[in-house]
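K.L.:
Below: one structure in structure tokens.
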Amino acid sequence: MLDVAKDVSTAGDLAFHAVSKTYGATQALADFTHRFDAGRVHALMGKNGSGKSTLVKILAGVTRPSGGRIVIGGREREFHAPQDAFQAGIVTVHQELSLVPSLSIGENIFLGRLPKKSVLGIKSVDWERLHADASRLLTDMGLDLDSRQPVSTLSVGYQQVVEIAKAMSFNPRILLLDEPTSALATREVNQLFALVRRLRERGVTIIYITHRMNELFEICDTCTVLRDGELAGTIEMAEATADSIVEMMFGETAHAVRPTRREIDRSGEAVLELAEATRHGRFADVSFKLYRGEILGIAGLLGAGRTELMRSIFGADPLDDGMIRLDGKLVTGFTPEKMKLAGLGYTPENRKEVGLVQILPTHDNLCLASLSKIGTGGVISRAGEKPYVDRQIADLQIKAGDPMNPVSSLSGGNQQKVVIGNWLNTEPTVMFFDEPSRGVDVQAKRQIFEIIWRQAKQGLAALFVSTELEEVLEVADRILVMRAGRIVAEVDPTQTNLTDLYRLCMEEGKPE
Amino acid sequence: MTASTSVSASGDPSDNVVLRLVKAYPMEIILAVLVVLLIFTAPGFASVRNLLNVLRTGSMLGIIAFGMTAVIIAGEIDLSVGAGAALAGCLVAWICGALSDSLGGYPAALLGFVLALMIGFAVGFATGKFRQWFNVPTFITTLALFTALRGAANLLTGGFPLPTFPPGFDFFGGGYLFGIPFPVYIFLATFAAMHFLMNNTTFGRAVYAVGGNMEAARLSGIDIWWVKSMTLGLTGALTALSGTLIASQIGSGTGTTATGLELDVIAAVIIGGTSLFGGKGRIWGTLIGVLFLGCISNGMTLINVSEYWQYVVRGAIILGAVLLNQVLERSR
């Protein structure tokens with residue numbers, strides 16, 4: 001089991017022949033034909049919705065393709081379940097770690113298949129063999145780690161390395177690394193790359209997904225780009241530039257459709273002013289001003305610190321340093337209660353988990369944030385709440401049926417509107433919209449944007465965050481670009497395009 | 001409204017009315033059936049005297065159970081109410097013993113009672129804060145209090161009943177007002193107050209939100225720890241109230257009273273349909289649960305079911321009530 005293939009052969013060659021996948025009317029992947037050679041590191045790039053994650057899911061056996069063939073090492077394969085992909089020699093390492101922190105490295109590697117020995121007819125775990133096997137594997141991969149050490153004592157970087165060691169114990173021919181570095185510091189990234197190079201020498205086909213441009217040039221041999229579900233092209237990294245890759249990802253970029261918006265008056269006092277706000281390890285020295293009626297977009301890749309920044313301003317997470325002024329008044333001692341009273345609202349990114357109380361009625365969810373405003377002297381009644389509920393249902397066009405039914409019975413788009421309505425009932429002066437369009441259908445997305453525009457027209461100042469850069473370009477009046485916890489640029493959405501914005505969000509590419 | 005009408009219109013109406021009634025009021029119907037059964041099978045059950053006694057016993061339990069309902073809806077638990085009730089009674093008796101001579105009997109009793117209320121509230125509130133500051137689950141904190149408060153009660157009394165109450169003090173726990181046991185008035189007043197608190201105040205709404213989704217409530221600007229701590233504090237105060245009534249009824253502060261009361265209180269809340277997962281439950285349901293437990297205990301005693309069997313039956317009832325709620329939940 002631990003015999004890692006030593007010869008560089010074609011056993012790990014991975015070829016796709018006209019592979020496609022449709023979800024209903026949506027073509028997520030169309031006639032994808034490509035060959036990933038063994039013994040090389042292949043970058044897989046593409047913006048959200050390009051079909052990249054569909055391809056990963058097909059390869060991991062999570063979803064089945066609608067058509068086409070997958071050939072591994074000259075043999076055609078069909079995956080009905082993740083186990084099939086596993087048996088074909090494909091191992092995926094996800095961004096989220098799947099280790100049990102309290103167990104040792106060795107136990108984690110062999111979890112679910114611990115070696116057993118029989119003493120007097122009683123089967124028990126063979127600890128000696130387990131740690132011997134694990135140690136051999138670790139040494140084999142050039143890792144100086146004690147197999148008996150609990151995983152919880154390791155840094156996140158080493159945990160990621162153990163995760164890959166675990167993957168390698170299955171002796172895969174194809175290793176899929178899905179943004180493995182997003183949580184790692186530079187030194188840990190180097191450790192990881194050393195491991196990847198070692199595996200490459202052994203003939204493992206490595207498919208590497210990342211958002212960091214500089215990593216492409218450091219570790220990858222080729223780059224394959226998907227766009228709108230189709231293969232946009234493949235390029236040898238030796239011949240590539242950051243620009244050429246970004247161009248392949250976005251193609252001919254058109255300017256987003258924006259409604260005509262009136263000029264924002266930025267001469268007066270800012271509604272929200274942030275000065276050198278810092279939360280250690282999340283974001284640092286963030287300063288900006290937000291004006292009445294303005295929608296300020298924050299663009300950045302996953303993990304850039306956008307959500308963390310908004311949560312800290314809102315008082316949901318600590319803020320280590322910095323100053324916040326609301327309406328010119330200095331804010332002290334942040335808690336969500338205080339920020340709410342000061343006129344701030346926040347619609348969180350994951351509405352299912354933290355935006356709504358799923359078991360309570362739509363009615364109650366629309367009044368959660370405004371209880372003390374609706375009630376007088378602490379007394380409240382459903383009749384008293386009803387005007388507030390009805391107003392939001394009408395204004396936001398929430399399809400709720402009976403508002404006394406649990407909010408969990410609503411569609412994603414309507415649930416999102418309930419989250420927004422809950423906050424609009426507090427009549428805020430500043431609203432933070434964190435990924436308001438995630439997981440909602442196209443029509444609901446349009447409606448949500450229109451709600452934001454309408455509110456801004458009435459004077460609401462808003463922060464708008466979305467992973468979809470197109471949306472930030474479309475919705476915002478002004479855009480701050482965030483990278484690794486810092487504001488690195490401010491752009492005017494009418495003066496930029498998707499390609500440029502994306503390039504700003506990525507970390508620095510190869511020096512020209 | 002439109003959604004529910006359309007549902008009933010789609011099926012056979014006559015069939016549905018019965019079914020929907022059963023689904024909407026399961027415990028009410030079961031209680032009614034039980035009462036009818038007991039009237040015919042248990043000798044003396046239907047006598048006014050017996051029913052008033054059932055109510056009196058139920059009142060002691062119920063006063064605490066209404067507070068416990070709020071605690072459980074808020075997603076917490078309090079295992080210390082039995083010990084807390086004993087301590088409250090002993091404290092009142094102890095103060096009476098120490099200060100009756102200098103202050104007079106009733107002022108001393110009143111002082112003891114107010115002290116017990118305040119301590120009950122403070123200990124409950126602190127339990128919630130303990131969870132906030134040190135992340136100690138209330139299950140653990142109140143389990144510790146469960147033994148510690150019992151110990152404190154016995155320390156106050158020295159292990160013997162303290163019959164130090166002023167003459168006539170037994171009225172509060174054992175007397176009648178207009179022919180109805182005095183604790184029943186307190187019980188009904190507590191019911192009304194808690195029903196109002198949970199349904200018609202912003203605090204009550206916050207309790208449901210906090211228990212239903214703590215993080216969503218926090219991000220809606222609700223002070224979740226204040227809400228949780230207040231439900232626990234409130235229950236502590238109600239426990240002190242009930243404990244004083246119990247001590248008054250038996251005529252002394254006794255460290256060993258109300259043993260196992262916490263389990264009966266929690267059982268009543270659960271039988272009333274409140275979910276231990278939080279966010280779901282009604283004060284009205286707890287009222288039904290209290291009456292149900294009272295009737296079944298009394299009925300079993302009247303038809304000479306052995307005490308040991310009574311325990312077994314009560315256990316089965318708790319499990320059955322939870323199962324029933326789960327099944328009904330799934331069919332909705």
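K.L.:
Do you know the relative contact order of segment B:35-331, to the nearest whole percent, from alpha carbon pairs under 8 angstrom that are 6+ apart?
P.N.:
Worked out over segment B:35-331, it gives 35 percent.
K.L.:
Give me the extension gain from A:T241 to A:L103: residue separation times 0.36 nm, minus the current Cα-Cα distance, reported in nm with one decimal.
P.N.:
Stretched out fully, the A:T241 to A:L103 stretch lengthens by 45.3 nm.
K.L.:
Sticking with this one: P(r) for the protein assembly as shown: what percent of alpha-carbon pairs falls in each 10 Å bin, starting at zero?
P.N.:
Reading the bins upward from 0: 2, 11, 16, 18, 18, 16, 11, 6, 3, 0, 0.
K.L.:
Can you tell me the relative contact order of segment A:14-248? Whole percent, Cα pairs under 8 Å, sequence separation 6 or more.
P.N.:
Once divided by the residue count of segment A:14-248, the mean separation gives 28 percent.
K.L.:
If you take each beta carbon of peptide A:345-351 and count the beta carbons of other chains within 10 angstrom, what is the mean?
P.N.:
Mean shielding by partner chains, rounded to a whole number: 2.
K.L.:
Can you give the mean number of other chain Cβ atoms that lie within 10 Å of the Cβ atoms in peptide B:201-212?
P.N.:
6
K.L.:
What number comes out for the charge environment of B:T142, summing +1 per Lys or Arg and -1 per Asp or Glu over other residues with Cβ under 14 Å away?
P.N.:
Here the count lands on +1.
K.L.:
Using 26 Å as the Cα-Cα cut-off, could you pick out the over-long pairs in A:K52/A:K445; A:K417/B:K228; A:K289/A:K338; A:K57/A:K399; A:K338/A:K399?
P.N.:
Beyond 26 Å: A:K417/B:K228; A:K57/A:K399; A:K338/A:K399.
K.L.:
In addition: What is the gain in length, in nm to one decimal, between A:N497 and A:M323 on full extension, counting 0.36 nm per residue of separation less the C-alpha to C-alpha distance?
P.N.:
Length gained, A:N497 through A:M323: 59.4 nm.
K.L.:
So, R0 is 25 Å and r is the distance between the beta-carbons of B:A24 and B:A193; what FRET efficiency does that work out to, to 0.05?
P.N.:
Computed FRET efficiency for B:A24 and B:A193: 0.50.
K.L.:
So which lysines pass the test for A:K116, namely a Cα distance under 29 Å, with those fewer than 8 places away in the same chain ruled out?
P.N.:
Those lysines meeting the cut-off are A:K6, A:K166.
K.L.:
Okay, next question. What three numbers, in Å, describe the spread of the alpha carbons of segment A:14-248 along their principal axes, ordered from the longest?
P.N.:
Computed over the Cα atoms, the extents are 61, 38, 29 Å.
K.L.:
Let me ask another. To the nearest 20 debye, what charge dipole does chain B have about its Cα centre, counting +1 at the Cβ of each Lys and Arg and -1 at the Cβ of each Asp and Glu?
P.N.:
Value, rounded to 20: 380 debye.
K.L.:
On a 0 to 90 degree scale, rounded to 10, what angle separates helix A:412-424 from the longest Cα axis of chain A?
P.N.:
With rounding to tens, the tilt is 40 degrees.
K.L.:
Give, in nm to one decimal, the length gained when the segment between B:E329 and B:I250 is fully stretched (0.36 nm per residue of separation minus the Cα-Cα distance).
P.N.:
24.2 nm
K.L.:
Sort A:K340, A:K445, A:K399, A:K289 so the one with the fewest other Cβ atoms within 10 Å of its own Cβ comes first.
P.N.:
Sorted ascending by nearby Cβ count, the order is A:K399, A:K289, A:K445, A:K340.
K.L.:
Order B:272-278, A:111-117 from most to least packed using the mean count of other Cβ atoms within 10 Å.
P.N.:
For the peptides B:272-278, A:111-117, the packing ranking is B:272-278, A:111-117.
K.L.:
Rank by packing, highest mean first: peptides A:139-152, B:281-294, with packing defined as the count of other Cβ atoms within 10 Å averaged across residues.
P.N.:
Result, highest mean Cβ count within 10 Å first: B:281-294, A:139-152.
K.L.:
Over chain A, what is the relative contact order in whole percent, taking alpha-carbon pairs under 8 Å and six or more residues apart?
P.N.:
Computed value for chain A: 15 percent relative contact order.
K.L.:
Only bridges whose two residues both fall in chain A count here: according to DSSP, what percent of them are antiparallel, nearest 5?
P.N.:
So the antiparallel bridges in chain A amount to around 60 percent.
K.L.:
Related question: Taking each residue of A:363-376 in turn, how many C-beta atoms of other protein chains fall within 10 Å of its C-beta, and what is the average?
P.N.:
4
K.L.:
Given N residues in segment B:121-230, what is its alpha carbon radius of gyration divided by 2.2 N^0.38 Å?
P.N.:
Its radius of gyration relative to the 2.2 N^0.38 Å reference: 1.45.
K.L.:
Tally Lys/Arg at +1 and Asp/Glu at -1 over every other residue whose Cβ is under 15 Å from the Cβ of B:T244; what's the total?
P.N.:
0
K.L.:
So how far, in whole Å, is the C-alpha centre of segment B:16-57 from the one of segment A:14-35?
P.N.:
For segment B:16-57 versus segment A:14-35, the Cα centre distance is 66 Å.
K.L.:
Please determine, in degrees from 0 to 90 and to the nearest 10, the orientation of helix B:202-212 with respect to the longest principal axis defined by the Cα atoms of chain B, where the helix direction is its Cα long axis.
P.N.:
Helix B:202-212 sits at roughly 70 degrees to that axis.
K.L.:
How far is the Cα center of segment A:84-113 from the Cα center of segment B:88-162, in Å?
P.N.:
One Cα centre to the other: 53 Å.
Here, each number is a calculation from the coordinates, and none is a lab measurement. It should be emphasised that the depicted structure is a prediction, and the values quoted were computed from it without experimental measurement. We place every Cβ from the backbone using ideal geometry, glycine too, and count neighbours over all the protein chains shown.
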